[in-house]
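We did not get these values from a lab; they are worked out from the coordinates using the rules stated. Just so you know, these numbers come straight off a predicted model, no measurement behind them. Note that each Cβ is placed from the backbone with ideal geometry, even for glycine, and that neighbours are counted across all protein chains shown.
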Amino acid sequence: MLLQRVSIPHLSPLVRSLPRLLPRANLPVASLSLSRNMATNQGFKQDAHKLLVIPGPIEVADDVLFANAHPSMSHVSPDFIPVFGDCIRMTREILFSKDAQPFLISGSGTLGWDQVAANLVEPGEKALVLHTGYFGDSFEECLTTYGAEVRQLKADVGGVVPLAELEKALQADKYKVVTFTHVDTSTAVLSDAKSIAETVKRVSPDTLVVLDGVCSVASEEIRMDDWGLDIVLTATQKGLGVPPGLSVLVASQKAVKTFQSRKTRVTSYYASWKKWLPIMNAYEAGKPGYFATPPVNLIYAYHASLTRITKAQPSLEERFALHRAASKRIKDAVTELGLKQVPTDPKYAANGMTAVYYPDGVGAADVVPRFGKRDVVIAGGLHAAIKDKYFRIGHMGITAVDSERGDIDRLIAALKESILEATGKQ
Ligand SMILES: Cc1ncc(COP(=O)(O)O)c(C=O)c1O
């Protein structure tokens with residue numbers, strides 16, 4: 001890691017404003033450790049690098065990376081425990097939940113699927129997966145691995161599952177869980193979380209509603225309590241703005257009770273809530289607990305990012321609005337170039353990413369390296385049915401929120417130049 005002295009004006013106003021905003025933060029114990037990070041991070045600036053605008057991992061702020069470079073700490077030390085406790089509390093805030101139970105466990109987003117499959121669905125029970133792309137298939141495979149009987153409702157490529165189809169399926173059969181991908185990263189399709197949850201609660205009130213928010217948490221609005229969501233699962237490397245390595249899952253009290261009343265053994269060791277629930281409760285109560293070593297440094301980084309998101313400006317609501325605004329700018333530029341997006345209706349296009357079909361006669365090899373030549377890293381296609389026909393751009397976190405960075409301007413310029421060059425118009 002390169003440590004470099006830079007003057008404060010090199011840092012974004014958002015970063016510079018954080019220490020000033022901290023007294024409002026109301027973080028009684030861990031704030032000591034946080035202000036240490038904030039006070040010293042002013043000397044740290046990450047190396048110059050290509051702009052990372054794939055749909056995760058995303059660009060990470062200097063103060064978050066610096067927090068990751070915290071001196072190594074015992075995972076049960078009195079200094080670390082309240083930092084973990086704060087992370088649990090701030091995770092709830094991101095989802096507007098008062099009493100849901102966060103599980104912060106070393107791993108990636110995939111571990112959230114394993115937690116759902118191993119703790120909530122007993123072998124032989126039924127799960128209904130709403131499929132809007134690649135990640136629906138993966139969740140289905142995970143549930144099946146643990147012995148669930150899974151049915152998928154598949155949307156057309158670029159579309160969403162009609163609510164009427166969901167309602168019909170729920171009337172025809174009893175499901176332990178309904179899962180859906182809030183933003184499917186392979187299609188950039190945004191599902192209507194509120195309406196899906198409302199439909200499930202109305203037609204089948206006992207069924208748990210599971211939202212895969214790996215590509216939506218902190219970039220799309222999610223109101224866990226108000227909408228009646230039972231599980232929101234995600235990971236740190238996208239909207240949460242932290243390096244990869246932490247699985248973040250939040251369970252409603254109803255989901256926790258469902259787990260506690262299961263009749264059969266939990267079907268995983270590492271992912272078992274029997275092991276993890278006492279650990280999360282201990283950290284939140286300010287007490288030590290151990291089942292498996294948490295990613296201590298990553299928890300410091302997560303703490304720094306959560307503090308930025310929940311305690312500083314812009315507010316969480318403003319953050320969503322900034323994602324929508326950045327997304328609109330990119331999508332408008334795509335339209336101006338005469339390109340089509342994968343979501344078939346703008347109503348269900350994500351705000352943290354954009355999926356774009358190549359112009360006729362042009363492919364990944366013509367476009368992706370042209371972005372690269374301009375120091376902008378985007379992603380190719382992922383959905384099997386259209387893999388070679390489109391590319392994906394991520395615009396989550398500081399790229400969308402901190403306009404001083406100029407990421408969106410750079411991205412749009414690279415988009416225009418790369419497409420015009422690839423089509424021989426420039
Ligand atoms: C919507 C969605 N769900 C789940 C995952 C799996 O997460 P991870 O790669 O962190 O295991 C991803 C990864 O990109 C994703 O986009």
Nearest-20 debye value, the chain charge dipole, Cβ charges on Lys, Arg, Asp, Glu: 660 debye
Formal net charge of residues neighbouring residue 250 (Cβ-Cβ distance under 10 Å; K, R +1; D, E -1): 0
Longest to shortest principal axis, alpha-carbon extents of the chain, angstrom: 65, 52, 31
Entries of 98/311; 50/373; 98/126; 168/201 with Cα pairs more than 18 Å apart: 98/126
Residue-averaged 222 nm ellipticity for the chain, from DSSP H runs of 4+ at -39500 (n - 2.57), nearest 500: -12500 deg cm²/dmol
Rg/Rh ratio calculated on Cα atoms of segment 308-386 (Kirkwood radius): 1.04
Segments 54-60, 145-151 sorted - mean Cβ within 10 Å per residue, highest first: 54-60, 145-151
For the chain, built as a Gaussian network whose Cα springs stay under 10 Å, the top-fluctuating residue of 138, 219, 252: 138
Charge dipole (segment 81-310, unit charges on Cβ, about Cα centre) - positive-most of 268, 197, 152: 268
Segments 282-295, 257-270, 401-414 sorted - mean Cβ within 10 Å per residue, highest first: 401-414, 282-295, 257-270
Under the Debye formula (equal points on every Cα, no solvent term), log10 I(q)/I(0) of segment 81-310 at q = 0.14 Å⁻¹: -0.82
Karplus (6.51, -1.76, 1.60) ³J(HN,Hα), θ = phi - 60°, over segment 349-363, in Hz, Gly and Pro reported as x: 9, 5, 9, x, 7, 9, 10, 10, 6, 5, x, 3, x, 10, x
Cα centroid separation - segment 260-332 against segment 97-135, whole Å: 14 Å
Lys/Arg +1, Asp/Glu -1 at C-beta; the chain dipole; positive extreme among 242, 330, 217: 242
